[in-house]
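The structure appears below as structure tokens.
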Amino acid sequence: FGVSVVVVSEDNDLLDSYRLEFGPVKAEFKGTAVLPGVPEGEYPVRVIYKGIEVFSGNVKVDGNVERTFKARAFRASFLLKDYDGELVTAIWKVAGPGGTFSGSSPKGMTEPLPEAPHRLEVRGKVLGKEVVLLNTTFLPSQLRNATLVVPLVTPLFRVVWSDGAPFEGQLEIPELGLKAPVVNGKAKLDAKVLVGN
């Protein structure tokens, strides 16, 4: 009988190339895998994508078979936001068995990645210097339509006299080279800084 196999990711993207192990047949395919002349029977099936097994199961052949297998592969798709909820334009890089993907924007997206540990690094400019904002290991399923919060914030201060009356004047943070006017006891720095002391 004829067997036709299509492999898609969890996001329904066709996998560009994969290794199909169908009973004794082991071959590389792009798009639809067509196996002619398969004898009747039940066959173990494995799909290997970028070196990682993403599907296994059995297929019964008692006539022509057309099957679509959903692979454990996910498109990483994420937004970068800061502690204020604002989008952050940063340089991001995803690397792992699924390949290397990078960009410079608040939104990151990759091709389908096999469900295996990958690394994400996010770099951005803070007060004129490039710093690492995120450096983490993830599974692709964890970064599906995700919002990632990078440790940046616009500092807000309330400054009062010891009796609680609002202070008027100026606030300075010499270590960061920042200053802001204090109006009616409130000061907002006009810069994003790393969260911390």
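Odds and ends about this structure:
- Counting only residues at least eight positions apart within a chain, or on another chain, the lysines with an alpha carbon under 30 Å from that of Lys192 are Lys81, Lys93, Lys107, Lys125, Lys129, Lys179.
- Amide hydrogen neighbours beyond the local backbone of Leu171, cut-off 5 Å, H modeled: Ala180, Val182
- Global geometry of segment 88-168, whether rounded, prolate or oblate, following the gyration tensor of its Cα atoms and the 1.5 cut on a/c: prolate
- Packing-based order for 173-186, 147-160, 5-18, using average beta carbon neighbours within 10 Å, highest first: 5-18, 147-160, 173-186
- For the chain: Kirkwood Rh in Å [reciprocal of mean 1/r, alpha carbons]: 20.5 Å
- Centre separation in Å (Cα based) which lies between segment 4-42 and segment 44-88: 14 Å
- Sequence-distant residues sharing a close amide H with Val65 (under 5 Å, placed H): Gly2, Val3, Ser4
- Reduced Cα scattering model of segment 1-86, Debye log10 I(q)/I(0), q = 0.23, 0.25 Å⁻¹: -1.10, -1.26
- Surface exposure of segment 64-110, expressed per residue as accessible area with a 1.4 Å probe, stands at 51 Å².
- Overall shape: oblate for segment 115-156, with the ratio a/c of the largest to smallest alpha carbon gyration tensor axis at 1.5 or above and b/c at least equal to a/b.
- Label-to-label distance, nm, for residues given as Val160 and Lys107 (7 Å Cα→Cβ offset): 4.4 nm
- Solvent-accessible area, 1.4 Å probe, carbon plus sulfur percent, for the chain: 51 percent
- Here the gap between Val153 and Asp11, fully extended at 0.36 nm per residue and compared with their Cα-Cα distance, gives a gain of 47.8 nm.
- Computed lengthening from Ala27 to Asn197, 0.36 nm per intervening residue step minus Cα-Cα distance: 55.5 nm
- Gain in span if fully extended, Lys129 to Glu53, counting 0.36 nm per residue against the direct Cα distance: 23.2 nm
The values are calculated or read from the model by the stated rules, or taken from the named source; none is laboratory data. What you are looking at is a predicted structure, and each value in this text was computed from that prediction instead of being measured. Cβ atoms come from the backbone with ideal geometry, glycine included; neighbour counts cover every protein chain shown. We work out accessible area using only protein heavy atoms, side chains counted, and drop any ligands, DNA or RNA first. Shrake-Rupley method; radii C 1.70, N 1.55, O 1.52, S 1.80 Å.
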